[in-house]
Amino acid sequence: MGLLGFFVSHAKEQFTPRVDHDYGMVLQEWAVLPSNSAPNSASMEFNWLTFNGVAAPLTTPLIARLGSRVRLRFLNLGMDHHPIHLHGNQFVITGTEGGRAPETTWYPTNTVLVGVAQARTVEFEAKHPGDWMIHCHLPHHMMNSMMDLLRDRQISTADLTEESAMQQMQSLAASAKFAHVHPSPVAQNAEATPGFPQDAFMEMGMDELVEKPETYGLPKNWSAGMMGMMTMVRVLPDEKYEEIVKVKGKPTVAESEHHHES
Ligand SMILES: [Cu+2]
């Protein structure tokens with residue numbers, strides 16, 4: 001069975017234990033150089049890292065009902081290895097590009113190295129409610145061309161105001177141990193330069209731009225800490241889970257906030 005076959009095929013017999021949610025993510029990397037709007041496919045120096053073709057916060061959060069079992073399948077056809085890390089949970093590695101792994105080989109972990117030409121399947125019981133980030137743990141791969149604001153990476157979806165998010169960005173940059181790191185003001189027209197560091201055009205108010213049913217009810221400015229090869233697993237109690245599943249269109253931010261508070 002080839003790599004892609006592993007990713008898309010169904011087993012002849014259902015795997016046990018059964019899962020309630022089954023998500024697939026292709027890990028990708030691109031060279032999107034400054035002032036270019038298309039990736040340079042001849043380059044092997046990658047600065048733009050994606051899950052399924054998009055960088056966070058455009059990635060779609062994976063929703064899971066509290067108490068369910070979740071399967072995540074990763075496939076890497078790129079030129080770099082990606083240690084994929086999940087917050088707040090332990091998972092077991094239940095399969096590779098070679099197929100299902102015997103249960104006797106499963107052990108708890110929270111980071112799985114998905115090397116070049118490898119596929120890895122992990123499974124976990126969604127026992128802990130919360131919005132748990134999942135991302136490649138190589139710093140360069142969770143920042144997307146972010147050069148001098150090197151340490152500006154939020155690892156939780158804190159309820160930041162725009163002002164506190166900006167302060168966090170600048171204070172983290174100022175305190176970074178890297179000598180060349182310094183606080184950098186973000187140019188108002190930074191987004192006019194394709195391939196500019198992602199953070200430079202990550203405006204604090206990006207939640208509305210990327211909202212979709214799966215982002216329903218996330219705290220304000222959740223998108224500020226999300227970039228690069230990153231998304232989140234949202235483990236939701238029944239009521240919250242069903243609210244999202246029932247949403248046909250995009251909720252307004254006001255509606256999301258209302259539901260978040262209630
Ligand atoms: Cu990576």
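Taking each residue as 0.36 nm, the span from E242 to A42 lengthens on full extension beyond its C-alpha to C-alpha distance by 67.5 nm. Short-range pairs are left out: with C-alpha atoms under 8 Å and at least six residues apart, the relative contact order of segment 1-146 is 27 percent.
Each value in this text was obtained by applying a stated rule to the coordinates, not by laboratory testing. No experiment lies behind these values; they were computed from the predicted model shown.
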